[in-house]
Amino acid sequence: MNPPRFLPTTRREMEQLGYDELDILLVSGDAYVDHPSFGAALLGRWLAAHGWRVGIVPQPHWDTPEDVMRLGRPRLFAGVSAGALDSLVAHYTAFRKKRSDDAYTPGGLAGKRPNRAAIVYASLIKKAFPGLPIVLGGVEASLRRAAHYDFWSDCVRRSILLDSKADLLVYGMGERAILEIARRSADQQSLKNIPGTAFIGTCVAALRLPSYEEIQADPKKLMTATLGLEEQMRQGVWASQAHAGRDVVFTPPAEPLSTQEMDKLYTLDFTRSPHPSYKEPIPAVEMIQFSITSHRGCAGGCSFCSLALHQGRRIASRSRESLETEVRGLTRRKDWTGSITDVGGPSANMWGARCTADPKACKRPSCLTPSLCPNFQDNQDELARLLQGLSQIHGVRHLRVASGVRHDLAMRSPAYVRALAARFTGGQLKLAPEHCSDAVLKLMRKPAFASFERFLTIFDKQSRAAGKEQYVVPYLMSGFPGCTDEDMRELSEWLAARGWKPRQVQCFLPTPGTVATAMFYAGIDPEGRRIKVARTDAERLRQHGILCR
């Protein structure tokens, strides 16, 4: 049977496909855009490609279960995700002000998903379908899978698995786990040892994290627990954490998809368009419609970034042939503009990279800092050839690299920087040095600032050689744990000396699960040393104002 143009969102669409019932219902806080950058679409297509009947309820009303009931009770389970972002990150700024828009909603309207969306949606499903198994997934569930500091309520919260009363939680990228959950559910088998999941139960854990109660009593224990979760991801072991006498058990992370599996996943029959029921444009579509995912994972391990706990540090890359096929498919679309807006992943220049170390023996929190690990092998010369080949496919007028470039890696390949400057930057290159203070950068697990300054010189030289006037737009951060007002003044003076006015400045936002959030809450660095933390909004605003005045 040919795959449906869109996965069903109404009973009528189910009937058109000949479905009398669903196997799996997916509920998402995002609008339904049939593009691989949208989690519900990606997993829905993956399940459908393996023979399961899947339907999607996007952005249901949360004051009644009617929306989640419209497709009927699924045969196996319901999957719940808050969407592409943690719902509180989607709703509030770093200063707890309500955001006025939402890029994943038609018309960019804010307020189409509830706060703590995964918990709310799970409750709706329990009302609609008593006894139906519920599986949490997505970023919100992944980063809140253990006891965590919640910036918006300024307290430590329990695992979201307990607060949602869900049956299972999938953390990280969920393709392997969700197929196994579907298979076992159909066979009425236990779901309690699937890699990449968390459940309430017991196990003889290889790693016992500080309990929820211990963290409440001693904020420093949050650092211990957070570093423990990093270790669990890195070394692939079992872990558990007690909550009032009940254990949340974390199975080892799922293996990254192979190149062949990545190729199959990203070349499924996505329309790359919003569901036709939407009358208003969805802002995120403009950003990603003609973007291409070349790989997953990030070896950086930055302390403020959620990627280490979600996608992990091991890189999974697609083949050149798969990427070429995708580009040729784009050029045949009626709405093709001639421009590929991005080829990349969490970082632009890690395609094809791999680690040769034994994960169980690895002790490093980052493959790249404080220095490049000899076991991390990249090939950016080959990446430059890949980009050049894609840009030469008939119908492609422009190809840009919009994902963040790791400048410390880029400088290892003159061919890559030359190609980036000459062909794949459209006047402005966005980089994330984050700060200029090496003390702050060390806490961030970012490279020393001298490497960024060296890259600026090299990029400028290559741009001039290509006859192009181009600029670097730096992403900068204020209010980071360990950063002082003096550090911010140093950064302000550096920018002034270059004649730069900061355009991309983000005040540090303590998101659940990261090492930097543990630093913010506990007031210590990962080694347990006391650090200065701008905790109050007044302190954070003062630091932010040093750059943004």
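We did not get these values from a lab; they are worked out from the coordinates using the rules stated. No experiment lies behind these values; they were computed from the predicted model shown. Neighbour counts are summed over all protein chains in view; Cβ atoms, including those assigned to glycine, are modelled from backbone coordinates with ideal geometry.
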Q | Alpha-carbon Debye profile of the range 1-159, log10 I(q)/I(0) at 0.09, 0.13, 0.16, 0.17 Å⁻¹ | A | -0.29, -0.60, -0.89, -0.99
**Q.** Cα→Cβ-extended label distance, 7 Å offset, between Ala465 and Cys548, nm
**A.** 3.7
Q: Give me the lysines in straight-line cross-link reach of Lys532: C-alpha distance below 21 Å, same-chain residues under 8 apart excluded.
A: Lys220, Lys221, Lys442, Lys446
(Q) Charges on Cβ only, +1 for Lys and Arg, -1 for Asp and Glu, centred on the Cα centroid of the chain; of Leu109, Pro58, Ser391, which one is farthest towards the dipole's positive end? (A) Ser391
Q. Using the per-residue mean of other Cβ atoms lying within 10 Å as a proxy for protection, in what order, highest first, do the peptides 463-469, 5-11 fall?
A. 5-11, 463-469
Q: Give the span of the range 290-424's Cα atoms along each principal axis, as three whole-Å numbers ordered largest to smallest.
A: 50, 30, 26
Q.
Could you tell me which residue out of Gly29, Phe95, Val139 lies farthest along the dipole of the range 11-197 toward its positive end? Charges go on the beta carbon: Lys and Arg +1, Asp and Glu -1, centred on the Cα centre.
A. Phe95
Q: Would you grab the residues whose amide H sits under 5 Å from the one on Tyr92? Only those 5+ places off in sequence or on another chain, please, with H modelled 1.01 Å from N.
A: Arg99
Q: Quickly work out the Cys155-to-Ile393 label distance, labels modelled 7 Å from Cα along the C-beta direction, and quote it in nm with one decimal.
A: 5.2
Q) How do Thr356, Thr337 line up, fewest other C-beta atoms within 10 Å first? A) Thr356, Thr337
Q. In deg cm²/dmol, rounded to 500, what helix-only [θ] at 222 nm does the chain give when every DSSP H run of at least 4 residues adds -39500 (n - 2.57) and the total is split over its residues?
A. -10000 deg cm²/dmol
Q: Place a label point 7 angstrom from the Cα of Arg183 along the Cα-to-Cβ direction, then list the residues of the range 76-93 whose backbone nitrogen is under 18 Å away.
A: 76-77
Q | DSSP-defined antiparallel bridges as percent of all bridges, the range 290-424, nearest 5 | A | 45
Q) Rounded if a/c is under 1.5, else prolate if a/b beats b/c, else oblate: with a ≥ b ≥ c from the C-alpha gyration tensor eigenvalues square-rooted, which is the chain? A) oblate
Q) Between Arg12 and Gln260, how many nm apart are label points set 7 Å from Cα along the C-beta direction? A) 4.3
(Q) Number of Lys pairs in the range 11-197 with C-alpha atoms less than 29 angstrom apart, excluding same-chain neighbours closer than eight positions? (A) 11
**Q.** Cα-centred dipole magnitude for the chain, charges only on beta-carbon of K, R (+1) and D, E (-1), debye, nearest 20
**A.** 560
(Q) If you average the alpha carbon positions of the range 166-220 and of the range 486-549, how far apart do those two centres end up, in angstrom? (A) 34
Q | Three-way shape label, the range 46-121, alpha-carbon gyration tensor, a/c 1.5 | A | prolate
**Q.** Options Gly467, Leu495, Cys483, ranked by Cα towards positive dipole end of the range 434-508, top entry (Cβ charges)
**A.** Gly467
